[in-house]
Each structure stands twice: as C-alpha cells, then as structure tokens.
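Values in this text are rule-based calculations from the coordinates and carry no lab data. Being a predicted model, the structure only gives us computed values, none of them experimental. Every residue, glycine among them, receives a Cβ derived from its backbone with ideal geometry; neighbour counts consider all protein chains shown.
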Amino acid sequence: MNRQEVLGELQEKFAADIVELADRSPRRVYVEIRPDALSRMAAYLFRDRGARFNIATGLDTRSHLEILYHFSIESIDLLVSLRVKLDRERPSIQSITGVIRGADWIEREISEMLGVEFRGHPNPKRLLLSEEWPEGVYPHRRDYAEWDPEAIRDRGV
C-alpha cells in the first residue's frame, strides 16, 4: 500500500472516530481522534498496517492534556501521530498495552508526570518518581508548584 491508500483507508475505516486529519508534510500526518477510538486505531496501525510504535508524548496545554502516539510505517516513509485530547481535571484513557506491550513504560511515565490514568494498564506502579513523591503532584503540568522546600531543582530534576 502507498501513502494515499493508507490514509484513505484510515479515513474510511475510522470516519466516525477522526476529529481532524492534518496532513502536514509528505512524511508526517497528525490524526486527532476521539479518545475511545485509540485502542482500535492503534491496533489497526500496528497489526494491519505493520506500523512500528515509536513513542507517546504527553503535554499540558492549559485547557486539556494531550497525548500523541507516534507510529512509523517505514515501507512508505510515513509517521502517523494519533492525537487524543483529555479532560484536564480527570484525564483518563484506555491503555494500549493490550495491543502494544511496548507502550508499558511510556504510559507509566505519562501517568506519573501528567497524572493521566491509563485504564487497564497491567502494571501502573511508579517508574521514575520516588516513593516519597506526593500523590496528585505532577511535575510536567503547567500548574506544578514545588512541594519540597528543601529540594534543589537546578539540575533538570
């Protein structure tokens, strides 16, 4: 399949789930989707189209939290990023670890850093932050406030 066929099939198969498809360049496409479609679309890209799951990135945009799941279809030199927008006050989404086991650690990291709940994650324990780190304090949120008056945070930590 070529690039146009993959994108056409994606739009046809998931028409009700796609909020916006932004065709940014010959090598990059952003597909904003409804959060409940993530597992189905990840399975389609990973299993049906042979895409490689690269990584997921999360960010706080002030109005919502956003996660981008990046997939590369190397045979046609295309990077597809699935974008989901989550409610900032109760960010929750189904984990894709049931589809892609390699998403385990990045979902744990996003959970710790941004406070996203990944429903159905097989191992939701902490990955990076110490056990002393307080619950409900997320260092990558825009409203993060230092919780430890003794902490020295001048080394990128």
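Numbers at a glance
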| item | result |
| --- | --- |
| Dipole magnitude of the chain about its Cα centre (Cβ charges: Lys, Arg +1; Asp, Glu -1), debye to nearest 20 | 460 |
| Region 3-119, relative contact order in percent, only Cα pairs under 8 angstrom and at least six apart counted | 24 |
| The chain, helix-only ellipticity at 222 nm - DSSP H runs n ≥ 4, -39,500 (n - 2.57), divided by all residues, nearest 500 | -5000 deg cm²/dmol |
| Dimensionless Rg/Rh of region 1-133 - Kirkwood Rh, Rg from C-alpha atoms | 0.98 |
| For region 22-84, size of Cβ-based charge dipole, Lys and Arg +1, Asp and Glu -1, in debye | 40 |
| Nearest-20 debye value, region 1-42 charge dipole, Cβ charges on Lys, Arg, Asp, Glu | 220 |
| Low-density loop cleavage sites - GluC sites (Glu not before Pro) in region 32-117, where at most 12 other Cβ are within 10 Å (DSSP) | Glu89 |
| Principal-axis tilt of helix 104-114 within the chain, Cα atoms, nearest 10 degrees | 50 |
| Acute angle (nearest 10 degrees) that the helix 3-13 long axis makes with the longest principal axis of the chain, alpha-carbon atoms | 80 |
| Most fluctuating residue given options Asp60, Asp48, Asp17, as computed from a GNM of the chain linking Cα atoms under 10 Å | Asp48 |
| Length-normalised contact order of region 50-153 in % [C-alpha pairs under 8 Å, at least 6 apart] | 22 |
| 5 angstrom amide H check on Leu78, placed H, neighbours 5+ away | Ile73 |
| DSSP-defined beta bridges in the chain - what % are antiparallel, rounded to 5 | 75 |
| Loop trypsin sites (Lys or Arg not before Pro), region 40-101 (other Cβ atoms within 10 Å of the site Cβ: 12 or fewer; DSSP) | Arg62 |
